[in-house]
Amino acid sequence: MDRHICDGLRVEHLEAPLGLGAERPRFSWRMETNDVGSWQAGYELEVAEAETGSVVWASGQRNESDSVLVAYEGAALRSNTAYTWRVRTWSSASAAPSEWASSRFETGLMRRSDWSAHWVEPEQVPAGVERWTMVDWIAGRRPEGEPAQRLRPTRLLRQSFDLALPVLRARLYATARGIYEAHVNGRAADDQVLAPGFDSYAHRTSVQCYDVTGLLRTGPNALGFALADGWWAGRIGLTGSSAQWGARIAALWQLEIEHVDGSHTTVASDATVRSTRGPHDYADLFVGERLDRRAVIDGWNEPGLDDSRWRPVRVLDEDLENLTPFHGEPVRRVLELAPVRISGDVDSGFLVDFGQVVAGRVRLTMPQLAPGTTVTIEHTEALAADGSWFVNIDGINKEQTDVYVAAGLAGGERYEPSFTFHGFRYARVHGLPAAPSPADIRAVVLSSDLEPAGDFTTSDERLNRLHRNTVWSQRGNFLSIPTDCPQRERAGWSGDIQVFAPAAANNANVAAFLTRWLRNLRADQLPDGAVPIYSPRSPFDADQAATGEGLGAIVAAPGWGDAIAIVPWVLYERYADAGVLAENYDAMLAWIDHQARTAAAGIPARLDRGSMDARTRENHSLLFNTGENFGDWLTPSTLRGRPLHEAIGIAPRLTGEIVGPMFQIRTLDLVSRIAAVLGRDDDAARFSGRARRLRQAFAEEYITEDGRLGCDLQGPHVLALAFDLVPEDRRALAAAHLAHLVRANGDRLDTGFLSVPHLLDVLQDTGYGDLAQRVLWQSEEPSWLYEVDQGATTIWESWDAVAPDGTPRAVSMNHYAFGCVDDWLYRRVAGISPLSAGYREFLVEPDFTSGLSHVQASINSPYGRIEIAWTLAEGTTNEGTADEGTATVELTVPPNTRATLRLDGVEETLPNGFHVRRTNPARIASHAGLRAHPAP
Ligand code: BGC
């Protein structure tokens, strides 16, 4: 008998979100059924105010199969209101609907008129304004003086108020210029950290919403806010410059209370707030913090404290236009790691190895110490080859060191930093009288608390480690915004996330997280349509680009700016989110126009306009091939044998001209498809027409008769093939030349940032699948498994970050970009790839020739979990020549989806069902010796 239920209820991709800002939130659910082949034939959805039960929207029974992101159509939602919603479905297999399934969501303060609060500034010495450039960094200039002399203390704010009546519901809305911790009557409002997170504050500042109902009481109450410099005033980014948004920190909050009798109290930040110095002598996101436990004011955030010596605040009379309800998941402590090894002694410091490169901080439990004892914790991602201390993160204001000054409390003390985090695997602790016991020290891992999604495991432990390394780099860099690295820059580089987004989407539900980041990116887009190389982009960044030279002057770049189309497309492809396409559409158009205008304005400097024929001149006036950019950034062969800061300019010089038009055409193709999804058929036709003309121009100017690209590196060939820029009659030649380049490089990649995500697909799709496998299984640098063999626990910024003898370089050990191969593993090795948005239709085509005997993977599609496990029959995974064997594939096809299973070229369509098991003869393990290099 058919039994079906609704499950997995989400609003805007989130489970029961609070403080939502969407005017027309979208609802998703999954139909679960035990009836193979049945579909959702209809649904009914109802939204009601939680308190009154009054229904604000009833969809009525709709005979539709939609179950993902169905938009609210009722009357305007009220701010600061709890709503319940419920849904039931009809299945194609039965006339009776499912039971109702229900969930809830709450709106935040959605409108300007909801706010009565004011920004309040504690009394403070403004942050020292430090202005550094990339040139200063390279020249080795560093700030003078210890952090304690240069940086300033944290501030505390408190507000006391009385409540006469019991509380039914209370929500605290809060934000800061700086970072803050909110407390209510002595208790933290929530378990999130580093609020309000990183935004392009000049345009948008996120407001958190906390359920504090249980923390309030009748009688006297107190709100306490601890405030530090954070991204607003601290030393951030590549340059380590400070006060990039402002030198003064401030906070703003509004507490909305509903009482049992229906009355309402609002407590908002205003002139009644008082402030004082906090116990941190300084606290900086990058430098680290120094907490003097002796300076902690007991009861500072509780009612009844005598705060008569605290100072009044400055109330700012400012517009609150920029406030926006926080969207997505907050940063939390997501994991804790115990040490795997503790060594060292009192003199040299205790060296703690947590066995894993992470973003986070150390929590230390200490015995009773003499008051004033100073305990210092340094952090690094790598040790020298001989196991001694080495600092891999070099730069200005990159100390990554925390200091704790003990109060001498009987029974010992415990310290975890509050206003900073670091990128590290190792910590070195000075000042303890004896080695900490393993139970007394933890690495506390911080990350945006995203819902985990897929997984991937195989019969090969090195490949598994590569996958786990990618997941760890994702965890460490999905921290408020998608960053390049969690130590040196922590910047929202648009190129990096463009490259990595597909992999990220498999491993976690990144929809809300990236939607929020795209809002920042859009806010940072320049009036001329330029999409910046990173976002958030501060007013200081804008000044720098205006006065900088060379790479330092780049505002927008091919492969970086194109994130405005590529990232939304990934979210559409993986989560069926057409809303994110619509939201970013105008920004995409502005970027396309920017490319076209730039193209029309000039020709590459190497060319002479005078000696060009009309056709060539026209071609170059269409192609986006001028201006400084990063090219196929970090192309390995261009980096050898020169100091890094010199070498990084070479790939831009060699490939900068050619990557521009390639990404221009790629983006036109995508925007044309996006326009079609959005029902803008005229745009779709216009852009595909333009792309066609640009393809001609590109081929005429950059592709030789024998299918080669002007620049004889792997990357341009990969991109030209991946983006379908090579005329059909020369495709085979281009592919053959690429294969030649790869083989000539010892079966190793030589692709930069922009091309590496496409390399293996291109090889496979042009008939060089064997070579793709060799590149994957390659264990000499540059290669993914070289890193694994060197003991990497995350993805490195440079393939040679650690030399074969174990000597590390001063580069980031936690850069997710090259982890993009993880998406290929899911799609081409496990074999699951979307054929239509959200995997509603998907292809299953496992690669039995990958040298693996077993692969198991899952994708958490919006319709349900797709699972695949395939195994080659015992004895058939040989390392020999092409072989016939038996493969067993087990596949779970979620309800409301359809799978195409392609085994050895034979296709079969599988409707949704619970489990399909196929045993087929298969061609397997045709690549001799692929796995012949065991880890040392
Ligand atoms: C960052 C990148 C970024 C690049 C731009 C680097 O310093 O770490 O990952 O995309 O600059 O070229």
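For G631, no residue has an amide H sitting under 5 Å from its own, ignoring neighbours fewer than 5 places away on the same chain, with H placed 1.01 Å from N.
Based on the Kirkwood approach, the hydrodynamic radius assigned to region 129-266 is 16.9 Å, with every pair of different Cα atoms included.
Taken over region 647-688, the ratio of Cα radius of gyration to 2.2 N^0.38 Å equals 1.63.
Calculate the all-directions average of the projected area of region 334-448's alpha-carbon convex hull, and give it in nm². Don't skip to the answer; put the middle values down first.
Details: hull surface 29.6 nm².
Orientation-averaged projected area of the Cα hull: 7.4 nm².
The residues of region 488-778 expose on average 34 square angstrom of accessible surface per residue, using a 1.4 Å probe on protein heavy atoms.
Mind checking which helices in the chain clear 30 Å along their axis (Cα) and have mean Kyte-Doolittle hydropathy of 0.5 or more, DSSP H runs only?
650-677
Summing charges over neighbours of C6, with a neighbour being any other residue whose Cβ is under 11 Å away from its Cβ, gives -1 when K and R count +1 and D and E count -1. Using DSSP to define loop residues, name the GluC sites (Glu not before Pro) in region 126-214 whose beta-carbon has at most 12 other beta-carbon atoms within 10 Å. For GluC sites (Glu not before Pro) across region 126-214 that sit outside H, G, I, E and B with at most 12 neighbouring Cβ atoms in 10 Å, the list reads E144.
Taking only protein heavy atoms into account and a 1.4 Å probe, give the accessible area per residue of region 1-143 in Å².
Using a 1.4 Å probe on heavy atoms only, each residue of region 1-143 averages 45 Å².
Split the accessible area of region 334-448 by element, probe 1.4 Å, and carbon with sulfur accounts for 51%. Can you pull out the GluC sites (Glu not before Pro) in region 701-788 that DSSP calls coil and that have at most 11 other Cβ atoms within 10 Å? When the GluC sites (Glu not before Pro) of region 701-788 are filtered for loop state and at most 11 Cβ neighbours within 10 Å, E705 remain. Dividing the helix sum by the residues of the chain, where each DSSP H run of 4 or more adds -39500 (n - 2.57), gives a mean residue ellipticity at 222 nm of -7500 deg cm²/dmol. Estimated from the Cβ-Cβ distance and a Förster radius of 35 angstrom, the FRET efficiency linking D613 and I138 is about 0.20. Pairs of Cα atoms in region 583-690 fall into 10 Å distance bins, from 0 up to the last occupied one, in shares of 14, 34, 29, 18, 4, 0 percent. Sorted largest first, the principal axis extents computed over the alpha-carbon atoms of the chain equal 83, 72, 65 Å.
Just report the Cα centroid separation between region 548-612 and region 762-827, whole Å. Cα centroid of region 548-612 versus Cα centroid of region 762-827: 28 Å apart. Electrostatic bookkeeping for P433 treats Lys and Arg as +1 and Asp and Glu as -1; over the other residues with beta carbon under 15 Å from its beta carbon, the sum is -4. Spatial offset of region 120-175 relative to region 463-477 amounts to 33 Å, using the alpha carbon center of each.
Loop-located GluC sites (Glu not before Pro) in region 277-327 (DSSP state not H, G, I, E or B) with no more than 13 neighbouring Cβ atoms inside 10 Å: E318, E321.
Reducing region 656-704 and region 29-79 to their Cα centroids gives an inter-centroid distance of 38 Å.
Across q = 0.17, 0.26 Å⁻¹, region 684-762 modelled as identical point scatterers on its alpha-carbon atoms has Debye log10 I(q)/I(0) values of -0.64, -1.23, in the order of the q list.
For region 488-778, the ratio of Cα radius of gyration to the globular rule of thumb 2.2 N^0.38 Å stands at 0.97.
The values are calculated or read from the model by the stated rules, or taken from the named source; none is laboratory data. Remember, predicted model here, so these are calculated numbers, not experimental data. All Cβ positions, even for glycine, are placed from backbone atoms using ideal geometry, and neighbour counts span all protein chains on display. Note: accessible area is taken over every heavy atom of the protein model, side chains too, but ligands, DNA and RNA are not part of it. Shrake-Rupley method; radii C 1.70, N 1.55, O 1.52, S 1.80 Å.
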